[in-house]
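Quick note: the coordinates plus some simple rules give every number you see, no bench work behind them. Since we're looking at a predicted model, the values are computed, not measured. We place every Cβ from the backbone using ideal geometry, glycine too, and count neighbours over all the protein chains shown.
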Amino acid sequence: MSEEVVPAVKALIEKDGEILVLETEASDEVYYVLPGGKIEYGEEAEEALKREMKEEISCSIEIGDPVGVYHFFTGPKDNGDQVVLTVFEGDIGQQEVDITDNPADEGIVDVVWMRPEELIKKSSNSSLKKLIEDYF
């Protein structure tokens, strides 16, 4: 059993009342997540978020205020690392989102724009649901 705490960052990108969400597949399950990822050793949070946005959605991002923090556990039966995600407001303007140029194999299959209540309904992460509920 691993007991590492892994820092990560995510972006809450809102446009016309909808949130940019990545549809991902892992272990035959579908997950709906905000774009972003792990902070590399020595990297500032904002620097990591800018890098992750380029990698995952091929967009530059203007980073706003912190929204909050949520977490999840990795591994079977949630007995792996604990990933702690700091969420920032983000703005990508009118850029075209493109998930086809991601150098990492992250299981991203689609980009969808969801109303907050739809994300709350479809997400399996209670910590993320609470963050979205509190924000909106």
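Quick one: what are the phi-derived ³J(HN,Hα) couplings along the stretch 22-32, Karplus 6.51/-1.76/1.60 with θ = phi - 60°, whole Hz, x for glycine and proline?
Values, residue by residue: 9, 8, 10, 10, 8, 6, 6, 10, 9, 10, 10 Hz.
Using the number of other C-beta atoms within 10 angstrom as an exposure proxy, rank Ile19, Ile120 with the fewest first.
Ascending number of Cβ neighbours within 10 Å: Ile120, Ile19.
If you add up the charges near Ile92, with Lys and Arg at +1 and Asp and Glu at -1, over every other residue whose beta carbon is less than 9 angstrom from its beta carbon, what do you get?
Around Ile92, the charge tally is -1.
Within a 10 angstrom radius of the beta carbon, how do Val112, Val5 rank from fewest other beta carbons to most?
Working: Val112 14, Val5 10.
Ordered from fewest to most neighbouring Cβ atoms within 10 Å, Val112, Val5 come out as Val5, Val112.
Can you figure out the FRET efficiency of Arg115 with Glu4, using R₀ = 35 Å and their beta-carbon distance, to the nearest 0.05?
Calculated transfer efficiency: 0.50.
Would you indicate which of (1) 109; (2) 121; (3) 94 is the value of volume of the Cα convex hull per residue in Å³ derived from the coordinates of this structure?
(1)
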